[in-house]
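First, the structure itself, so that you have it in front of you.
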Amino acid sequence: KDSFPFELGEPFLPFQQLMGVLPAASKQLLPQVLRPLFDGPSSPILDFYPTSFEIDMDGVKVPWGGVTLIPFIEETRLLQAMQHVLGDGSALSEDERWRNTIGSAQLFRFDPTANHHVQSTMPRHLPAIPACHVTNSPYTHPPFPPGVTTFPARPLADGAAPGFPDIHRVTGVTTTLEKGVKIFNFDARDVSMYLNVQYETPTEDQIRELLTAPLLQVDFPWMHRGRVRAVHFPQQVVRLNASGKVEKFSNDPRKHWANAEGLVQKLRQRGVHIRNPAEPAPKGKGKGKANDAYLSTAIAIAEVHLTDGTITSGDGTVALSFKSTSDYRVLPFCLPVPE
């Protein structure tokens, strides 16, 4: 096997990191002693912070989409200039020296018995917390089990953790190279790898499982959580009544088709193509678009209430809260959360 040796370095200190990313207009976020390095006439790194620069707008249509053409920050020059100014660190206050250290990871927990005052560091913008019920302690990641050297500690094919994007839970997935993916709302210039997911009409048992599941994984690859309120077909809508009995109502096929077509096209722009194995795509209009048009007239849609946050009770118990409005998703990407 090929060997790729790497030299182990050290992370930047907080002030070094800020000097590497902030423009001169934000120099007030750093200690006074470092601010002349941004715009002082004798600064040895003045060229890092130009006051005017060009923006490459190639391939974009909005100002914030361009690439700023500014000099690359040279690590060695930056660190030397900062060391010359800071010296032994005596030019910094005690609070500034503390800010410029690498701390440890902290674990914050709700504790109803805790009751301490937290002073605001920005009193003009954020008030102090007179009775804070949160405690913190250093966090150390548990060591890997014996014989395990990588993360995650198990193959994804064996079942990913709830919420983790996992195509192994979606059956009939193949890949193709096609055009049509959008990146930042612009068409990709070259072909992209598509995930082709077979769509199969759900059985009555599968519909009941979706309707009764307390929590589902929704969407791909950006997982959301939610629960199904109803399943929509071209001719009918299936939902549970208050007693848990399945009820069916008539649906508007035209409205269903318009909704389904929009969902299928949105997935296609993300690199996911829903395929219908039951019937070949109509000929004459381009395979992909024709298949989408046919599928949109037959595909089932889940009406879901997505989670919008969590609610913590007085004893620290956390429960999910759900939106009161409905969103709509195609069924292959509405899966019950594994126990």
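Quick one: count up the residues across region 168-204 that are aliphatic (A, V, I, L, M), assigned to a strand (DSSP E or B) and open to solvent by 40 Å² or more (accessible area, probe 1.4 Å).
Looking only at region 168-204, we keep the residues that are aliphatic (A, V, I, L, M), and these are 170, 173, 177, 181, 183, 188, 191, 193, 195, 197.
Now drop any that are not assigned to a strand (DSSP E or B), which leaves 173, 177, 183, 193, 195, 197.
When the remaining residues are screened for being open to solvent by 40 Å² or more (accessible area, probe 1.4 Å), the result is 173, 177, 183, 193.
So the count comes out to 4.
Looking at region 2-20 only, could you name the residues that are free of Cβ contacts under 8 Å to residues at least 24 places away in the same chain and hydrophobic (A, V, I, L, M, F, W, C)?
Pass one, region 2-20, residues free of Cβ contacts under 8 Å to residues at least 24 places away in the same chain: 2-10, 12, 17-18.
Answer for region 2-20, where residues must be free of Cβ contacts under 8 Å to residues at least 24 places away in the same chain and hydrophobic (A, V, I, L, M, F, W, C): F4, F6, L8, F12, L18.
If the requirement is being among the basic types (K, R) and open to solvent by 80 Å² or more (accessible area, probe 1.4 Å), which of these qualifies: R225, R239?
Details: R239 fails: open to solvent by 80 Å² or more (accessible area, probe 1.4 Å).
Result: R225 is the single residue among R225, R239 that is among the basic types (K, R) and open to solvent by 80 Å² or more (accessible area, probe 1.4 Å).
On to the next question. Would you mind finding the one in A302, A281 that is modelled with pLDDT under 90 and over 20 Å from the mean Cα position of the chain (by Cα)?
On the way: A302 fails: modelled with pLDDT under 90.
Going through A302, A281 in turn, the sole match is A281.
Only one of these conditions is not met by G163: (1) modelled with pLDDT under 90; (2) under 20 Å from L331 (Cα atoms); (3) open to solvent by 40 Å² or more (accessible area, probe 1.4 Å). Which number is it?
G163 satisfies every listed condition except (3).
Restricting the search to region 58-69, which residues are assigned to a loop (DSSP other than H, G, I, E, B) and either of a type in the set (S, T, N, Q) or touching a strand residue (DSSP E or B) at 6+ places or on another chain (Cβ under 9 Å) (or both)?
If we filter region 58-69 for residues that are assigned to a loop (DSSP other than H, G, I, E, B), which is where we start, we get 58-62, 66.
Correct list: D58, G59, V60, K61, G66.
Can you tell which of I55, I73 is of a type in the set (A, V, I, L, M, F, W, C), under 30 Å from D187 (Cβ atoms) and outside any helix (DSSP H, G or I)?
Values: I73 fails: under 30 Å from D187 (Cβ atoms).
On inspection, the qualifying residue turns out to be I55.
Give region 1-52 a look and list any residue that's assigned to a helix (DSSP H, G or I) and β-branched (V, I, T), or say none.
Residues of region 1-52 that are assigned to a helix (DSSP H, G or I), as a first pass: 14-21, 24-29, 32-34, 36-39, 46-48.
V21, V33, listed by residue number.
May I pose another question? With respect to L46, is the statement that it is under 30 Å from I183 (Cβ atoms), in contact with an Asp or Glu (Cβ under 9 Å, 6 or more places away or on another chain) and either without any contact (Cβ under 8 Å) to a residue 40 or more places away in the chain or among the polar types (S, T, N, Q) (or both) true? Write out each step before concluding.
Details: under 30 Å from I183 (Cβ atoms): no; in contact with an Asp or Glu (Cβ under 9 Å, 6 or more places away or on another chain): yes; either without any contact (Cβ under 8 Å) to a residue 40 or more places away in the chain or among the polar types (S, T, N, Q) (or both): yes.
No.
Could you count how many residues in region 90-115 are over 29 Å from the mean Cα position of the chain (by Cα), of a type outside the set (S, T, N, Q) and surrounded by 10 or more Cβ atoms within 10 Å (Cβ to Cβ)?
Residues that pass the stated criteria total 8.
Condition check ((1) open to solvent by less than 50 Å² (accessible area, probe 1.4 Å); (2) closer than 23 Å to W98 by Cα; (3) charged (D, E, K, R)) across all residues:
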site: S26; (1), (2), (3): yes, yes, no
site: F38; (1), (2), (3): yes, yes, no
site: L46; (1), (2), (3): no, no, no
site: F53; (1), (2), (3): no, no, no
site: V60; (1), (2), (3): yes, no, no
site: I73; (1), (2), (3): yes, no, no
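Among the numbered criteria (1) charged (D, E, K, R); (2) open to solvent by less than 80 Å² (accessible area, probe 1.4 Å); (3) at pLDDT below 95, which one does E10 miss?
E10 satisfies every listed condition except (2).
If you check D327 against the conditions, is it open to solvent by 50 Å² or more (accessible area, probe 1.4 Å) and of a type in the set (D, E)? Give the steps one after another, and end with the answer.
Details: open to solvent by 50 Å² or more (accessible area, probe 1.4 Å): no; of a type in the set (D, E): yes.
So D327 does not fit the description; no.
I want to confirm something. Restricting to region 75-88 and keeping residues that are within 19 Å of F38 (Cα to Cα) and loosely packed, with under 14 Cβ neighbours inside 10 Å, which single residue is modelled with the lowest pLDDT?
Kept after step one, since they are within 19 Å of F38 (Cα to Cα), are these residues of region 75-88: 75-87.
Going one step further and asking which of them are loosely packed, with under 14 Cβ neighbours inside 10 Å, we end up with 75-77, 80, 83-84, 87.
Details: E75: 94, T76: 94, R77: 96, Q80: 97, Q83: 95, H84: 95, G87: 91.
Applying the filter and picking the extreme gives G87.
The values are calculated or read from the model by the stated rules, or taken from the named source; none is laboratory data. Here the structure is a predicted model, which is why all the values come from computation and not from measurement. Glycine gets a Cβ as well: all are built from the backbone with ideal geometry, and neighbour counts include every protein chain shown. Calculation scope for accessible area: heavy atoms of the full protein, side chains included, ligands and nucleic acids excluded. Shrake-Rupley method; radii C 1.70, N 1.55, O 1.52, S 1.80 Å.
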